[in-house]
1. Going from most exposed to least, what order do Ile366, Ile270 have by accessible area with a 1.4 Å probe?
2. Can you find, among Leu383, Val93, Ala75, the residue sitting farthest towards the positive end of the charge dipole of the chain, where Lys and Arg contribute +1 and Asp and Glu -1 at Cβ?
3. Starting from the eigenvalues of the Cα gyration tensor, five times each then square-rooted, give me the equivalent ellipsoid semi-axes of the stretch 184-247, largest first, whole Å.
4. Let me know the volume per residue of the alpha-carbon convex hull for the stretch 95-227, in Å³.
5. Take Ser357, Ser266 and sort them by solvent-accessible surface of the protein heavy atoms, 1.4 Å probe, largest at the top.
6. Where does each of Trp134, Trp272, Trp54 land when they are ordered by accessible area, with a 1.4 Å probe and the largest first?
7. Which of the lysines could a cross-linker bridge to Lys162, judged by Cα under 18 Å and excluding same-chain residues fewer than eight apart?
8. Taking 0.36 nm per residue of sequence separation and subtracting the Cα-Cα distance, how much length would be gained by fully extending the chain between Phe401 and Gln18, in nm to one decimal?
Amino acid sequence: MDELSKGFRKLIVGVNTQVPLSNGGYAAAINLDNAATTPPFHSVMEAITKFVPWYSSVHRGTGYKSILSSDIYEAGRGIIKRFVHADKNKDIVIYTKNTTEAINLLAYVLAQDEDEGAVVLSTEMEHLANDLPWRDKFKVDYACTDKHGRLVVEDLELKLRKYDGKVKLVTVTGASNVTGYKNPIYEIAVLAHRYGAKILVDGAQLVPHCPVDMKDFDSSEHIDYLAFSAHKMYAPFGSGVLIGPKQTFEKIEPVYKGGGAVKLVSHHFIDWEGAPYNNEAGTPNVIGIVALVEAIKTLDRIGMNVIHEYEKKLIEYTTKALAGIPDIVMYGPSEKDEDKIGIIAFELMGIEPRLLSQVLSWEAAIAVRSGLFCAHPYVEKLLKLTDQKLRYYQKKPDIPFPGLVRISVGLYNSYREIDVLVDCLGRIAKNKKEYKQKYGKPQKTPESNQPLLYPPRRNAP
Ligand SMILES: Cc1ncc(COP(=O)(O)O)c(C=O)c1O
């Protein structure tokens, strides 16, 4: 396993970047916040460097570079489709800036259908990106989660039955960004189709960590729509995708209107382009697509199954180690062989989550996330936070807001890094008072005395 991790680390930019600690020393930054964003692959940066001498405007130019840029941009759609087994002919890839934009776009498009009283069935474990876009356009209901945070599929079916054909779309995360639980997307697809609904999988956390297969159109397990973000799969530069049947996106009123989305316009008429172009107004982000495509090639070379297995073992190792630390309460703990991605959310009783995440950074250069992780209703349910309690905390900004701490691994995280985390958490757990005294007052982020290209922030938030 360590050999595997050594090989993976070589693929990543910045794994040995030294960052300042509160004691004046330095340590290699340990990134356990991959669910938020991942560092880039070297291959991605090299692909960008190779491409930039040829970089030019997409679609509108007749110069050689413009034609080449357009070809690369268009060819990306096929590579992305192959990666998730989308249909070569019936599906289209719409380029977006991230998952949030992709889901907003789909909500806007589906809301144009004339089907009064249509219901969108979501779940209680969604990121806000797969909740808020639906709320103002449809009646939204939520399939519930159990006390561990797992989706209750029986409740989803119950609701499909209750709405008796009115559910237009079942929208579900492929994997939770809080507990890491993977949802049985194919089982859910079968249910959705049985009741006449389509399914959208929010793939932001699933696609970077597991193989995904959208399956044939005539399969009851077919995934109708899929959204994901490049920046969570080792490809920064602001791209994402929405994949779905061309038919859905053909004759619609585009959400963004402008150049590139039209065939011809006069003061009296607009002749919109066909899909996907009617959904991609403005100058496209070709660099973002070069990055995403290269990341996909690298992930494919490694093998998504290999990645999933490695990360699963690493998170099982982490779970076991955290279970040995007093006062740690994990949410959604992994039973052996439970299907989840490499995420753990936990509390260390007696020390508030935000402070704990800061201490990990100041003491051991470990980056984790704390709070509600943009999945507010889900974390609120896990923490039994009623609306009344939430209002109380809202009115008392001086009282630390409840939340969780989240560890999320990527393919390049090593067992040694987990050992550093566990060692540091163990020390904090044993000496909470001491750490709270040391760091409880507003702190200054440790300053670098080295000529960094990007100096760290001066003041702790
Ligand atoms: C499950 C899930 N869905 C959607 C998103 C939104 O992704 P983005 O910020 O790239 O739009 C995230 C981001 O963390 C996520 O974890």
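1. Ile270, Ile366
2. Leu383
3. Numbers: eigenvalues 114, 30, 15 Å².
Semi-axes, largest first: 24, 12, 9 Å.
4. Values: hull volume 13.9 nm³, N = 133.
Convex hull volume per residue, Cα atoms: 105 Å³.
5. Ser266, Ser357
6. Working: Trp134 0, Trp272 55, Trp54 110 Å².
Most to least solvent-accessible, the answer reads Trp54, Trp272, Trp134.
7. Lys139, Lys198
8. Numbers: separation 383, 0.36 × 383 = 137.88 nm, distance 3.10 nm.
Full extension of this stretch gives 134.8 nm more.
The values are calculated or read from the model by the stated rules, or taken from the named source; none is laboratory data. Since the structure is predicted, the reported quantities are computational estimates derived from the model, not experimental observations. FYI the Cβ positions are ideal-geometry reconstructions off the backbone, even for glycines, and counts take in every protein chain you see. These accessible areas exclude ligands, DNA and RNA; they are computed on the full protein's heavy atoms, side chains included. Shrake-Rupley method; radii C 1.70, N 1.55, O 1.52, S 1.80 Å.
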